[in-house]
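Chemist: Structure below; questions to follow.
Please treat every number below as a calculation from the coordinates, not as lab data. From a predicted model like this one, the values you see are computed outputs, not experimental measurements. Ideal geometry is used to build each Cβ from the backbone, glycine not excepted, and the neighbour counts take in all protein chains shown.
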């Protein structure tokens, strides 16, 4: 193998032929800051017997997870933190350019 050239390449199998433009869409408006009265109104409605958080959140145009977060904060519990996860590795296939079988 002395004097032979070696070529190493990696592939993600993602097609990039024909890509002419990449568009990044960002959030156009600023986040809404809810007053304590607005929060209380939503939480009171969501706490009624038979109420569904999803339906209450939809009525106010907010995410159900926000209602659950407000509940935790109101109860004095800290917001949940995602548990740290071990990094995941993706196998890399290396083509040395040798066409011999």
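Chemist: Fewest first, what order do 45, 33 take by the number of other Cβ atoms within 10 Å?
Modeler: Numbers: 45 16, 33 6.
Ascending Cβ contact count within 10 Å gives the list 33, 45.
Chemist: Estimate the FRET efficiency between residue 37 and residue 72 by the formula 1/(1 + (r/R0)^6), using the beta-carbon distance for r and 22 Å for R0, to the nearest 0.05. Please report the intermediate quantities before stating the final value.
Modeler: Working: r = 19 Å, r/R0 = 0.88.
E(calc), rounded to 0.05, equals 0.70.
Chemist: At a 10 Å Cβ-Cβ cut-off, how would you order 35, 44, fewest neighbours first? Can you show the working numbers first?
Modeler: Numbers: 35 8, 44 11.
Ascending number of Cβ neighbours within 10 Å: 35, 44.
Chemist: Apply the a/c threshold of 1.5 to the C-alpha gyration tensor of segment 41-101 and tell me whether it is rounded, prolate or oblate.
Modeler: Working: a/c = 6.22, a/b = 3.03, b/c = 2.06.
Cα axes put segment 41-101 in the prolate bin.
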